[in-house]
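The values are calculated or read from the model by the stated rules, or taken from the named source; none is laboratory data. Remember, predicted model here, so these are calculated numbers, not experimental data. Cβ placement follows ideal geometry from the backbone for every residue including glycine, while neighbour counts extend to all protein chains displayed. In case anyone asks, the SASA skips ligands and DNA or RNA and just uses the protein heavy atoms, side chains included. Shrake-Rupley method; radii C 1.70, N 1.55, O 1.52, S 1.80 Å.
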Amino acid sequence: MQVSMANTPQLQRQPCFSGSAAPLRVRPTASRAGRQAAVQICTAQKNILMLGGTRFIGAYLARQLIEDGHKVTLMTRGKAPITQQIPDDTDSSYAAYKDAVQHAKADRTDADGVKAAIGGQQWDVIYDMNGREASDVEPILAAAGDVGQYIFCSSAGVYKKSPQMPHQEEDETDPNCRHKGKLNTEALLAERGLNWTSVRPVYIYGPLNYNPVEEWFFHRIKAGRPIYVPGSGMQITQLGHVKDLATSFKLILDNEKANGQIYNISGERYVTFNGLAAACAEAAGVDSVDIKNYDPKKIDFGKKKAFPFRDQHFFASIHKAKAELGWEPEFGLVDGLKDSYQKDFGRGNFRKEADFSTDDMIKETFFS
């Protein structure tokens, strides 16, 4: 179902004074009935260190922070360009961002290198966008000294599989999950007694997505191929737009309610696998798509991945973030997929070439 943005309030900027001058941002909320109130953010300028920030989530977040008047330094290994123009940039906004953002070159696992790059400064906030293991955080904390706030990008993949859904922040976690390093990082931050917050996204999508989420569907829709969905296709999942995720990270800044808290972040609505395939087709401007379901237990794909999602129900409650952060997703699912398609795949940009080898295996096994 398409969500109209016609009645969304326009962005307004007004001066705000709290210590150093910083602008008041009024962010439009989603254009759903009863959710027209704007969220206001007013905070003094911060000296912010972001670990990562050049690829996807951080690229959007860093722009929001700089637009709000903060000083942002990206710490990377320096192997990729520090800035690149993203689809939402105008030439002038990108030039302003490129001029404002700072860079510290270091491998976060190299304690001496990290100390040389970021030591000796007072960091008000650290946004950790690419930490995978607790050991990744140790050199950062040792070099940064007294950090005012540490905001960590975790994953909803840490939750233990449960028959009761949606996942809530207090649910049991799985110490043996593939994201156990992020779980251990949360524990470390809590043990250190820091002012810390962890964000657990579900599936993320949007322009520049380097994971084959919506791109997997768009490749097949463009090629006019069937979309093979495992099982009944009624498995329920959840996606959140990258810009909504970036906004949630920004709202944690200087928010006393967020100290020591964990927040699930994703889209407002849940969707079935078959429904997601149809939504991607609508976003791409295709009237219909041929969805075929099959039994994945009757075929061996070897090490190849035939579908980009876990073959299970996987979705989380975002009530806590909405209540405590004043956050609202701006994008409905189809709106967000259209944004991704029109600004990325529809322009001929994608991260991976199409690979239909598993599709051909499914066709040969079940539909020939």
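Leaving ligands, DNA and RNA out of it, work out the accessible area of Ile57 with a 1.4 Å probe and give it in Å² to the nearest 10.
Spelled out: Ile57, probe radius 1.4 Å, area about 20 Å².
So how exposed is His70, as accessible area in Å² (1.4 Å probe, rounded to 10)?
Counting only protein heavy atoms, His70 exposes about 10 Å² to solvent.
Going by alpha carbons, how many degrees (0 to 90, nearest 10) lie between the helix axis of 357-366 and the longest principal axis of the chain?
Value to nearest ten degrees: 30.
Determine which lysines satisfy two conditions relative to Lys343: a Cα distance under 24 Å, and not lying fewer than 8 residues away in the same chain.
The qualifying lysines are Lys98, Lys222, Lys243, Lys250, Lys352.
Mind checking which aspartates and glutamates have their C-alpha under 14 Å from Lys322, skipping anything on the same chain fewer than 8 residues away?
Glu169, Asp244, Glu268, Glu330
Tally up the carbon and sulfur contribution to the accessible surface of segment 46-107 as a whole percent, 1.4 Å probe, everything protein left in place.
Carbon and sulfur: 46 percent of the exposed surface of segment 46-107.
In degrees from 0 to 90, rounded to the nearest 10, what is the angle of the helix 91-100 Cα long axis to the longest principal axis of the chain?
Helix 91-100 and the main axis of the chain meet at about 50 degrees.
Order the following by accessible area, largest value first: Trp327, Trp196. Probe radius 1.4 Å; ligands, DNA and RNA are ignored.
Largest accessible area first, the residues go Trp196, Trp327.
Compute the long axis of helix 214-223 from its Cα atoms, compare it with the longest principal axis of the Cα atoms of the chain, and write down the angle in degrees, 0 to 90, nearest 10.
40
So I have (1) 28, 24, 24; (2) 43, 23, 20; (3) 35, 24, 21, and one of them is semi-axes √(5λ) of the Cα gyration tensor in Å calculated from this model. Which one is it?
Identified label for the calculated read-out: (3).
Full-extension gain between Asn211 and Ala96, please, as 0.36 nm times their residue separation minus the C-alpha to C-alpha distance.
38.6 nm
Heavy-atom accessible area per residue, segment 183-233, 1.4 Å probe: how many Å²?
Working: 1640 Å² over 51 residues.
On a per-residue basis, 32 Å².
Determine, for each peptide in 122-128, 161-167, the mean count of other beta carbons within 10 angstrom over its residues, then list the peptides with the highest first.
In decreasing order of mean packing, 122-128, 161-167 become 122-128, 161-167.
At 1.4 Å probe size, with every protein chain present, just tell me what the per residue accessible area of segment 58-157 comes to in Å².
44
So how far, in whole Å, is the C-alpha centre of segment 309-359 from the one of segment 162-185?
Comparing the Cα centres of segment 309-359 and segment 162-185, I get a distance of 21 Å.
Which aspartates and glutamates, if any, have their Cα less than 13 Å from the Cα of Lys161, not counting same-chain residues under 8 positions apart?
Those aspartates and glutamates meeting the cut-off are Asp171, Glu172, Asp174, Asp311.
Under the rule a/c < 1.5 gives rounded, and otherwise a/b versus b/c splits prolate from oblate, where does segment 56-175 land using the Cα gyration tensor?
oblate
May I ask which of Lys182/Lys303; Lys180/Lys303; Lys71/Lys180; Lys292/Lys338 have a Cα-Cα span longer than 30 Å here?
Values: Lys182/Lys303 25 Å; Lys180/Lys303 22 Å; Lys71/Lys180 32 Å; Lys292/Lys338 23 Å.
Over 30 Å Cα-Cα: Lys71/Lys180.
When the accessible area of segment 152-302 is split by element with a 1.4 Å probe, what percent falls to carbon and sulfur?
For segment 152-302, the apolar C and S fraction of the accessible surface comes to 45 percent.
Measuring with a 1.4 Å probe in the full set of protein chains, what accessible area per residue, in whole Å², belongs to segment 303-353?
48
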